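The values are calculated or read from the model by the stated rules, or taken from the named source; none is laboratory data. The structure presented is a predicted model; accordingly, all values stated were derived computationally and were not measured. Note that we place each Cβ from the backbone using ideal geometry, even for glycine, and neighbour counts take in every protein chain shown.
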Amino acid sequence: MTNQRRFRSRSGFTLTELMVAITVIAILAGMLMAAVIPAMSSARRTAILMEMKQIEQSIENFKIHHGFYPPSWVRISNSANPGTALLKYINRLAPNNREGEVVSGSNRRIDLWWQNVGQNIDHATGQDLVFWLSGLLKNKQYPLTNGVGPGSYPTAYDDSNFERDVFYEFKGEQLVKNGLVASYVQQANTEAPFLYIDAGSYNNGTSFDGYYVQNNIGTPFKSYENPKSFQLITWGLDKLPIDPDNPPANPTQWGVQTASGLVNPVLASDKYASDNLCNFCDGMLDRYLSGTFDSPAVK
């Protein structure tokens, strides 16, 4: 009887033993989370960078096929006559197109398309990237309008009713649709777009776009990263391009310039900007902003 009581008395945990076990489990869980969270963040960042590489190759394929890099929409929209500026590129990819024909008064097809679609394409959200890589039609007579008028224009993401000239298959869950146009974001349910800036738009007369080397000692805005091609930028895991509490005077400008003509410097101390991902800085922008990135633009 005594032995049975002793056995029963030793069959459970004491309060002290339970507390020790819970403490050990909590420590192990904390150690596990400390290892898992950075690994998950690194994996998400790598996935975004891999897709950026794929988009970058699609842009290169566009150039191989058409002979020019897609122009950033800001350059077209800031032209004196956007319809004519766009038609210059449409003529290059479809020399016999009829988008320049007059169809209403003095309005050409391309002018009406611009009024209803083109002027609504937002460069700051990367909608021009979606347009150039998936919005053009294989209809070489009407690569923009398909020969129809306002109200029936094809969208940049409709792959069921129109045969499009697709250079990149944008994932549906990452497309943010807005009428006839769409942005492409770095992951579903975010507002962090892939931003495309071609070299020709870095000085369009009214604004500056893209990143510039910090230690330029010559004429301002002549040392542009990827000066003969383009920049791809997206906002990283924090999904923010700059410090929202301390933004530059004009957050649509991304110039970094410390010679004469300083424009909206984005500093390495801005953790939001340094988290940005780009195709010209070996991943994150932090090394670029801290001056540790060996930029070919300063060689």
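Below, the figures for the structure above:
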read-out	value
Residue tally, condition more than 19 Å from Ala94 (Cβ to Cβ) and either out of contact with any strand residue (DSSP E or B) (no Cβ under 8 Å at 6 or more places or on another chain) or of a type in the set (A, V, I, L, M, F, W, C) (or both), over the range 131-157	3
Residue satisfying all of: in the range 141-153; surrounded by 15 or more Cβ atoms within 10 Å (Cβ to Cβ) and in contact (Cβ under 8 Å) with a residue 24 or more places away in the chain; farthest from Pro70 (Cα to Cα) among these	Tyr153
Filtered residue count, the range 225-279, keeping only those that are of a type in the set (S, T, N, Q), surrounded by fewer than 19 Cβ atoms within 10 Å (Cβ to Cβ), at pLDDT 55 or above and out of contact with any helix residue (DSSP H, G or I) (no Cβ under 8 Å at 6 or more places or on another chain)	2
Test set (1) at pLDDT 90 or above; (2) farther than 30 Å from Gln231 by Cβ; (3) small (Gly, Ala, Ser) - Ser58 fails condition number	(2)
Any pair with Cβ under 9 angstrom, 6 or more apart, that starts in the range 78-106 at a residue that is more than 20 Å from Gly147 (Cβ to Cβ) and ends at one that is among the aromatic types (Phe, Trp, Tyr) and crowded, with 17+ Cβ neighbours inside 10 Å	Pro82/Trp114
Filter result (touching a Gly at 6+ places or on another chain (Cβ under 8 Å), outside any helix (DSSP H, G or I) and crowded, with 17+ Cβ neighbours inside 10 Å) within the range 99-116	Arg108
Filtered residue count, the range 93-118, keeping only those that are under 23 Å from Ile233 (Cβ atoms) and polar (S, T, N, Q)	0
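Residue-by-condition table, conditions (1) assigned to a loop (DSSP other than H, G, I, E, B); (2) over 12 Å from the mean Cα position of the chain (by Cα); (3) small (Gly, Ala, Ser):
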{"residue": "Tyr142", "(1), (2), (3)": "yes, yes, no"}
{"residue": "Thr155", "(1), (2), (3)": "yes, yes, no"}
{"residue": "Tyr168", "(1), (2), (3)": "yes, yes, no"}
{"residue": "Val176", "(1), (2), (3)": "no, yes, no"}
{"residue": "Ala188", "(1), (2), (3)": "yes, yes, yes"}
{"residue": "Ile197", "(1), (2), (3)": "no, no, no"}
